Amino acid sequence: MTSDEYARDWALAQLYFHVTTAYAILRQQGVEIGKADYVPHMFAHIGQGTVPSA
């Protein structure tokens, strides 16, 4: 297995699984978390007036 195959076929799938599982557990426990908590660095690239309020 090459490093590219490992990253694409194994590591990314494992990362995605663990991130989504952690998200589900936090939501189930009542933590209010959403997309804006994951990608605040992208708000500079969004049009004015389209950024969600906190």
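FYI, it's all coordinate maths here, none of it is from the lab. In this text, all values refer to a predicted model and were calculated from it rather than measured experimentally. Here the Cβ positions follow ideal geometry from the backbone for every residue, glycine too, while neighbour counts run over all protein chains shown.
Structure data summary
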| item | result |
| --- | --- |
| Segment Leu15-Thr2, extension gain: residue separation times 0.36 nm, minus the distance between their alpha carbons | 2.9 nm |
| Spin-label pair Ala36/Tyr23, simplified geometry with 7 Å Cα→Cβ offset, distance in nm | 1.6 |
| Whole-Hz ³J(HN,Hα) from phi, Karplus 6.51 cos²θ - 1.76 cosθ + 1.60, for the range 35-46, glycine and proline x | 4, 4, 6, 8, 10, x, 5, 8, 4, 5, 9, 9 |
| Cα-based helix-to-principal-axis angle, 12-28 vs the chain, degrees rounded to 10 | 40 |
